[in-house]
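Report on the following structure.
The values are calculated or read from the model by the stated rules, or taken from the named source; none is laboratory data. Keep in mind the model is a prediction, meaning the values are calculated, not measured. Cβ sites come from the backbone with ideal geometry, for glycine too, and all protein chains shown count toward neighbours. These accessible areas exclude ligands, DNA and RNA; they are computed on the full protein's heavy atoms, side chains included. Shrake-Rupley method; radii C 1.70, N 1.55, O 1.52, S 1.80 Å.
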Amino acid sequence: MDEKTYHVKGMHCASCAAIITKKLSQTPGIEKVEVNLATEQAKVSFREHDLSDSEINDIVGKFGYKLTSKEDGDAGTGGIPAEIKGRDPDTKAFSEKQEQVKQLKRLVSFSLPAAMAVFFFMMWDIASTALHSMPHMPISMEVFNGLTMILAAIFIFRIGKPFLDGILLFIRHGAANMDTLIGIGTLSAFTYSSLITIFPSFRNMLGLPSHTYFDVSIVVIGFVHLGKYLEARSRLKTGEAIGKLVGLQAKSALLVRKGEEIEIPVEKVKKGNLLLVKPGAVIPVDGIIANGSSSIDESMVTGEPLPVDRKEGDPVIGGTINRQGSFTFTALKVGSDTLLARIISMVEEAQGSKAPIQNIADRIASIFVPAVLVIASLTLIAWLTIGTAFLGFPAALSYGIMGFTGVLVIACPCALGLATPTAIIVGIGKGAEYGMLIRNAESLERLSSVDTVVFDKTGTITRGLPEVTDTGSLDGNSSPDELLLLAAAVERYSEHPLAGAIVKAARAKGAALPEITAFEAMEGIGVRANIGELSVTVRKPGAEENGLPVVQTLLHQGKTVIVIEKGNTASGFLALSDTIRNGAKEAVAELRRKGIRIIMLTGDNPSSAGYIAAQAGIDEVIAGVLPDEKAEKIAALQKEGRTVAMAGDGINDAPALARADVGIAMATGTDIAMESAGITLLKGDIRKISQAITLSKSTMRVIRQNLFWAFIYNIIGIPLAAGALYPLFGIFLNPVFSGIAMAGSSVSVVSNSLRLKTKKLH
């Protein structure tokens, strides 16, 4: 069975995804269709791949959608699939998305202020009608109607054109989305209002009220476009994460051929090529060192801040950084087989696999729209038939038109549309006050049901930077301060990444570093220099030192040990390690009190991971895992029925952050981790995770309340607008009160959402 992935254009709600899925699934030759709104992708599985892209587009094109085939495209992209390469901020595709966001922003800049002004006057009119003591609007109703009619025409036929297209889609093909519902409601209100405004004699003849609904059309379209803008901006941010991952790859490689160095594009590298890597360069592809040695920053893969010494025969990974020394290596994995390319693909796949329960209004649109149309039409028919028999045709027609219009007006999705975004906006703002940057509604929604939190070790539970933790004498004569001073004096001129931590520790004690002479870097061993007449060597521990109990204990704790020699005598040692964050233990304890399962998942070795976990109070540890394995562990927990939040800070955490139900990144970590996550904690304070869960639960509770009242409002309001009470009590809900009810429902939803501002998270 063949599978092909397409990029979908013109899709903007869950109903759109449902239409594409339904129509393609009904096509002979297609086995399965998966459409993802968040990534704007469609995966189509064919029984027999005899359908061309043009035939696919013939099926969905009449519904307003376009599917573009996504070729693998290894050539010219260094093994990064072409569609992922398109997420790079430098590409045309990204620029087109930026332009789309700018266009929506321009629309919102015009439509939202106008909608707010009209909404203000609408509420003033409603209040002055209900409260006779309140003064009327400063302009006459005739002038107000004239101005709002012109403005509403601009909104509907210019700004609201997509909603009119939604009506045409429904008329031609019977397919409905949220645009259809918005279009029918706003156009009906506008048409009815225009008729009674332009033809007052017609209105008087039928005995219709003079109240208009131009304001309904304006306000609804204005707020809907605001939501579309915020959604488009959020999707643009999602694409940046992939672009930054792509940027990690080397653009070129130094090919060694017949003793000469030839610079070639990285996509031209072939398996078996001999490549040269100089200090500070990015390793272009995966391979094995053929000659030389170096200290390599592999934090992209392992997340560990300490560099790793690599020598002949050791593996190297594309995208990691050569910190010290030159070496040649043989390319073994190139193109899409490299670890970096696989990480990018995993992030892309994990992002596309998310399907949270959200956008309830979108999902029910295909049922709600025709149901409202049927109810409105039946209302008109019932009044023209049954009503005429009892009341006569003029009265029945008057009630029928008012009932038809009232149903469409009261069913306008304003309250339903505001129920979720208002609570989300307030909730996200509340999170920002507490130092939690919540990226989208999806993350906030999913966090409310999290029952398992998985922590990366380095940069999350720990600070993510090496520090001098221990100093000890081996000759019985050297003091800790003297040893640190000697080591810092020599390491000051070293390029090794650990040198900075040693110098920093010495300067923190306020000591002046002595001058040195005859500095020498001994590759793979350490550094030496003369301080006055004294020769000082700072090196790796040898077999003799490694056998000492104190050194074995430090190594068991995952610390890096460095020996200081005075002359030819091993006089003392320093130990460096990553240290636990302030508040980590409290954060773990608070999550436990909420009944949440805590796991540490790290690429570090088991002894080091266990030592740090014990300090933080974490009992469950999974150590020695690579990026793809981290994502697999998250997936395994999800298969157990767990809702998983992953907290991390490194590039290596990106696949797991994207795979998790909620990714939580430290602002002190990498940009790529933050772009892959849904929530970023400012200052890297993991105590905020518990607060974020509290905020999420409160926000979702408010959303459920809002949706409940929005649905109840429609369930009760639509029959009243249709005239259900007239036969029993002689009461008819005039369209004026339909508008009042609609506005009231919106105000109640917003007011309920604003209660979140008073929520205390501590």
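Remarks
- Subset of segment 16-49 [at positive phi and either open to solvent by 20 Å² or more (accessible area, probe 1.4 Å) or at pLDDT 85 or above (or both)]: Glu40
- Residue match in segment 301-312 (condition: part of a strand (DSSP E or B), at pLDDT 85 or above and closer than 30 Å to Ala499 by Cα): yes
- Figure legend. Inter-residue proximity from segment 21-35: first residues of a type outside the set (Phe, Trp, Tyr), second residues open to solvent by 50 Å² or more (accessible area, probe 1.4 Å) and in a strand (DSSP E or B), beta-carbon distance below 7 Å, spacing 6+ or different chains. Indicated pairs: Glu34/Lys43.
- Verdict on Leu695 being open to solvent by less than 10 Å² (accessible area, probe 1.4 Å), closer than 24 Å to Gly429 by Cβ and either modelled with pLDDT under 90 or assigned to a helix (DSSP H, G or I) (or both): yes
- Unique match (being touching a helix residue (DSSP H, G or I) at 6+ places or on another chain (Cβ under 8 Å) and at pLDDT 60 or above) among Ile159, Ile150: Ile159
- Any chance Leu484 is open to solvent by less than 50 Å² (accessible area, probe 1.4 Å) and either at pLDDT below 90 or assigned to a helix (DSSP H, G or I) (or both): yes
- Residue list for segment 631-640, filter: within 17 Å of Arg597 (Cβ to Cβ) and open to solvent by less than 60 Å² (accessible area, probe 1.4 Å): Ile634, Ala635, Ala636, Leu637, Gln638
- Subset of segment 554-564 (residues that are open to solvent by less than 30 Å² (accessible area, probe 1.4 Å) and part of a strand (DSSP E or B)): Val561, Ile562, Val563, Ile564
- Helices (runs of 4 or more DSSP H) enclosed by segment 50-132 - at least 2 residues per element that are at pLDDT 75 or above and more than 30 Å from Gly29 (Cβ to Cβ): 92-130
- Inter-residue pairs, beta-carbon under 8 Å, first over 14 Å from Met646 (Cα atoms) and in segment 617-631, second assigned to a loop (DSSP other than H, G, I, E, B) and open to solvent by 30 Å² or more (accessible area, probe 1.4 Å), 6+ apart: Ala623/Asn605; Gly624/Asn605
- Segment 230-269, residues that are part of a helix (DSSP H, G or I) and at pLDDT 75 or above: Val266, Glu267, Lys268
- In segment 517-543, the residues that are among the aromatic types (Phe, Trp, Tyr) reach residues that are part of a loop (DSSP other than H, G, I, E, B) with C-beta atoms within less than 8 angstrom, at least six apart or across chains, in these pairs: Phe519/Tyr493.
- Residues being open to solvent by 30 Å² or more (accessible area, probe 1.4 Å), more than 30 Å from Asp653 (Cα to Cα) and modelled with pLDDT of 85 or more - total across segment 437-476: 3
- For the criterion of being out of contact with any strand residue (DSSP E or B) (no Cβ under 7 Å at 6 or more places or on another chain), modelled with pLDDT under 70 and open to solvent by less than 30 Å² (accessible area, probe 1.4 Å), Leu181 passes.
- Among residues of segment 575-603 that are closer than 30 Å to Ile562 by Cβ, those with a beta-carbon under 9 Å from a residue that is in a strand (DSSP E or B) and of a type in the set (Lys, Arg) at least six positions away or on a different chain give the pairs Asp578/Arg463; Thr579/Arg463; Ile580/Arg463; Arg581/Arg463; Asn582/Arg463.
- Test: residue in segment 508-520 that is over 24 Å from Gln324 (Cα atoms), within 46 Å of the chain's Cα centre (by Cα) and not in a loop (DSSP other than H, G, I, E, B): yes
- Hits in segment 538-553 - residues which are within 24 Å of Leu485 (Cα to Cα), of a type in the set (A, V, I, L, M, F, W, C) and either touching a Pro at 6+ places or on another chain (Cβ under 9 Å) or part of a helix (DSSP H, G or I) (or both): Leu548, Val550, Val551
- Selection within segment 570-628 - of a type in the set (Asp, Glu), under 25 Å from Val468 (Cα atoms) and open to solvent by 40 Å² or more (accessible area, probe 1.4 Å): Glu586
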